[in-house]
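What follows is a short report on a single structure.
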Amino acid sequence: MSQTLQIAVAKGDGIGPEIMDATLDLFAAAGVSNFVHFREVEMGASVFAKGNSRGMSDDAVRVVEDSGILFKGPMETPKGGGGKSINVTARKMWNAFANFRTFKTLPGVETVYSKAGIYLEFSVVRENIEDTYGGVEHRLSNDMIQCKRLISAPGCDEVHRFAFQTARKLGVKKIHCGHKANIMKMTDGLFLERFKVTGRDFPEIEQGDVIVDALCMNLVVKPQQHGMIVLPNLQGDIVSDLCAGLVGGLGFAPSANIGNHISIFEAVHGTAPDIAGRGIANPTSLILSGLMMLRHICLNKEAATLENALLATLESGIHTGDFGDKSKPSVGTKDFTAAIKNNLGNKPKTVPAVEVPAAGETCFVRAPKPAGPQVIRTFKNLVTQVVGCDIYLDSPLSPLALAEEMQRACSDTPFKLTLISNRGTQVWPTGSVYTECVDYYRVRFEIKEGVTPGAFGQSRCVALMDKIAESFTVCSYELLRTFDGVKGYSLAQGQ
Ligand code: NAI
């Protein structure tokens, strides 16, 4: 027998303890406790109630970091006050960069596709750290609020590599990258470009890309054409819930948050406060997430045996109150789990059974704890040259009046005014009288003819901003730079 692994368990709030106890009981029946010691940690509502705004005790953080794996039940997000969602905090602080969710037709779970005899089995990998989820938000003027969308090359690389490696391991034949690179040419463009670059190392896997709106339609019309889809954070969040709906809802969609050091396995539904404590919650999502966790540590035989038993149970029509044939009585959480236990060793007949491999050893090896936050990089040593700056102003002036002021401000500098835009649309030097403007402008200055690109650094831009700040409220500025001669900025709509 291999050495016992420690996994941190946070049972969660509401129905969390009921479904977690049921799941661990089931895992013990399948022999998982021969390999794994589940160590309970304190997280969630009880910790928030003690005034801890992170929602996890210091001891819980230490145990999770020592274990490298957290198995968690749903947790309540406090309304108001300083408490943030533990789920988001945990993914970010432990850099669980890839959210991996699988969607599979389950017998006894009726959907439009199951009724049509269409079997679904596919997965979504969502980038978990970046995008608008950085939560970098500011009020810029009376009327304008901004959320910065940050996409990095190494962030993309990590999630794409995980997606391709997982596809290779699972024998998935086709990966699509979902994106909106036709509109967000630089951010989503980078996500797509890094997908293609990473994909070169996986030539046996068919690769394609699809614009996210078309993807949503394809998923509803013909979901069986997908093997795996990889998406940026916000788009992935929305698409993965859409996919859960295709196989019966959030109660049947497991979720893994994978990092290089720490991974988190959790049900995607919430704490179901309306049914908490009644013993009627459906543990399927948490069981399926637990199966992903068992496979993460190579307990493939136990995971396959448990999955077949769950499928056989669902197939027999046994169900909790939230799904299944309403003309037949439902069972509670404990009886549902007992039925799965009784089915250990059985296989489903109406959907493909999972192949049960020979018994193996656990394979999880904790990566050494880093001494401090690591800097991850993709591009190094590119030659950058300053060619101008965009200055963002809180101003109620008309575009024309603003242009006159800005031209005066830059007259004795190396810059000329080349563009004013409002909400991303060009309003000067040309524009449409139909464009409505709000009280927040981007003013673009570029080096005059005759000034060599890169002739000076950013101090001249800062000096220009300083001058403008004498009579305007400058909200922010962005340098315009080229990287190995390629423009590192987008053009305005209409430019
Ligand atoms: P919810 O998912 O808890 O409940 C929505 C509906 O689905 C309810 O009618 C509930 O009874 C039912 N339901 C959910 N899981 C079920 C299960 N396993 N078996 C049977 N029925 C189930 O969503 P809601 O009400 O929006 O959120 C409640 C709390 O959960 C909030 O505090 C929210 O912040 C938190 N939450 C936590 C999540 C997590 O920890 N990953 C995810 C989503 C919400």
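Listed values, structure above:
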quantity: Test: residue in the stretch 35-56 that is of a type in the set (Asp, Glu) and away from the ligand (no atom under 13 Å from the Cβ); calculated: yes
quantity: Every pair of residues 6+ apart whose Cβ atoms lie under 6 Å, when the first sits in the stretch 98-110 and is among the basic types (Lys, Arg) while the second is crowded, with 24+ Cβ neighbours inside 10 Å and in a strand (DSSP E or B); calculated: Arg101/Val124; Arg101/Ser255
quantity: Long-range neighbours under 6 Å by Cβ, at least six apart or interchain, first residue in a loop (DSSP other than H, G, I, E, B) within the stretch 430-455, second among the small types (Gly, Ala, Ser) and open to solvent by less than 60 Å² (accessible area, probe 1.4 Å); calculated: Asp439/Ser141
quantity: Yes/no for Ala281 being under 18 Å from Val109 (Cα atoms) and not assigned by TED's automatic domain parsing to the domain that holds Leu120; calculated: yes
quantity: Matching residues in the stretch 246-266 - criterion: being away from the ligand (no atom under 13 Å from the Cβ) and farther than 20 Å from Met20 by Cβ; calculated: Leu246, Val247, Ile258, Gly259, Asn260, His261
quantity: Test: residue in the stretch 391-408 that is touching a residue at least 40 places away in the same chain (Cβ under 8 Å), hydrophobic (A, V, I, L, M, F, W, C) and within 30 Å of Asp66 (Cβ to Cβ); calculated: no
quantity: Residue under evaluation Ala90, criteria (1) touching a helix residue (DSSP H, G or I) at 6+ places or on another chain (Cβ under 6 Å); (2) open to solvent by less than 50 Å² (accessible area, probe 1.4 Å), criterion not met; calculated: (1)
quantity: Matching residues in the stretch 456-495 - criterion: being within 29 Å of the chain's Cα centre (by Cα) and assigned to a loop (DSSP other than H, G, I, E, B); calculated: Gly488, Tyr489, Ser490, Leu491, Ala492
quantity: Unique residue being in contact with a His (Cβ under 9 Å, 6 or more places away or on another chain) and free of Cβ contacts under 8 Å to residues at least 12 places away in the same chain when the list is Gly171, Gly199, Gly189; calculated: Gly189
quantity: Given (1) open to solvent by less than 40 Å² (accessible area, probe 1.4 Å); (2) under 30 Å from Thr313 (Cα atoms); (3) at pLDDT 95 or above, index of the condition Ala98 fails; calculated: (2)
quantity: Single match in Cys177, Cys216 (criterion: in contact with an Asp or Glu (Cβ under 8 Å, 6 or more places away or on another chain), in contact (Cβ under 8 Å) with a residue 24 or more places away in the chain and farther than 29 Å from Arg366 by Cα); calculated: Cys177
quantity: Candidates Ala276, Ala339, Ala304 - the one that is open to solvent by 10 Å² or more (accessible area, probe 1.4 Å), assigned to a helix (DSSP H, G or I) and not assigned by TED's automatic domain parsing to the domain that holds Tyr113; calculated: Ala339
quantity: Filter result for Leu299 (at pLDDT 95 or above and either aromatic (Phe, Trp, Tyr) or more than 15 Å from the ligand (Cβ to nearest atom) (or both)); calculated: yes
quantity: So Ser240, is it touching a residue at least 60 places away in the same chain (Cβ under 8 Å), touching a strand residue (DSSP E or B) at 6+ places or on another chain (Cβ under 6 Å) and among the hydroxyl-bearing types (Ser, Thr, Tyr); calculated: yes
quantity: Search result, residues across the stretch 425-448 that are surrounded by fewer than 18 Cβ atoms within 10 Å (Cβ to Cβ), closer than 23 Å to Val387 by Cα and under 33 Å from the mean Cα position of the chain (by Cα); calculated: Thr425
quantity: Test: residue in the stretch 267-283 that is away from the ligand (no atom under 16 Å from the Cβ) and basic (Lys, Arg); calculated: no
quantity: Any hit, the stretch 97-120, residues being on the phi > 0 side of the Ramachandran plot, out of contact with any Leu (no Cβ under 9 Å at 6 or more places or on another chain) and not assigned by TED's automatic domain parsing to the domain that holds Asp325; calculated: yes
quantity: Output for the stretch 382-429, where each listed residue is within 25 Å of Thr482 (Cα to Cα) and among the hydroxyl-bearing types (Ser, Thr, Tyr); calculated: Thr384, Tyr392, Ser411, Thr413, Thr418, Ser421, Thr425
quantity: Unique residue being surrounded by 19 or more Cβ atoms within 10 Å (Cβ to Cβ), of a type in the set (Asp, Glu) and at pLDDT below 95 when the list is Glu127, Glu76; calculated: Glu76
quantity: Subset of the stretch 16-58 that is part of a helix (DSSP H, G or I) and of a type in the set (S, T, N, Q) - its residue that is surrounded by the most Cβ atoms within 10 Å (Cβ to Cβ); calculated: Thr23
quantity: Verdict on Leu242 being more than 11 Å from the ligand (Cβ to nearest atom), open to solvent by less than 20 Å² (accessible area, probe 1.4 Å), of a type outside the set (Phe, Trp, Tyr) and at pLDDT 95 or above; calculated: no
quantity: Residue check, Lys334 closer than 29 Å to Phe252 by Cβ, open to solvent by 60 Å² or more (accessible area, probe 1.4 Å) and in a loop (DSSP other than H, G, I, E, B); calculated: no
quantity: All positions within the stretch 366-396 that are touching a helix residue (DSSP H, G or I) at 6+ places or on another chain (Cβ under 7 Å), in a loop (DSSP other than H, G, I, E, B) and within 30 Å of Thr425 (Cβ to Cβ); calculated: Ser395
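Residues are listed down the side, and each one gets a yes or a no for (1) out of contact with any His (no Cβ under 8 Å at 6 or more places or on another chain); (2) of a type in the set (Lys, Arg); (3) at pLDDT 95 or above:
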position: Ala10; (1), (2), (3): yes, no, yes
position: Thr23; (1), (2), (3): yes, no, yes
position: Asn34; (1), (2), (3): yes, no, no
position: Gly80; (1), (2), (3): yes, no, no
position: Arg91; (1), (2), (3): yes, yes, no
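The values are calculated or read from the model by the stated rules, or taken from the named source; none is laboratory data. Note that the structure is predicted; figures quoted are calculated from it, not measured. A quick note on method: Cβ atoms are made from the backbone with ideal geometry, for glycine too, and the neighbour counts reach across all protein chains shown. Accessible surface areas use protein heavy atoms only, side chains included; no ligands, DNA or RNA. Shrake-Rupley method; radii C 1.70, N 1.55, O 1.52, S 1.80 Å.
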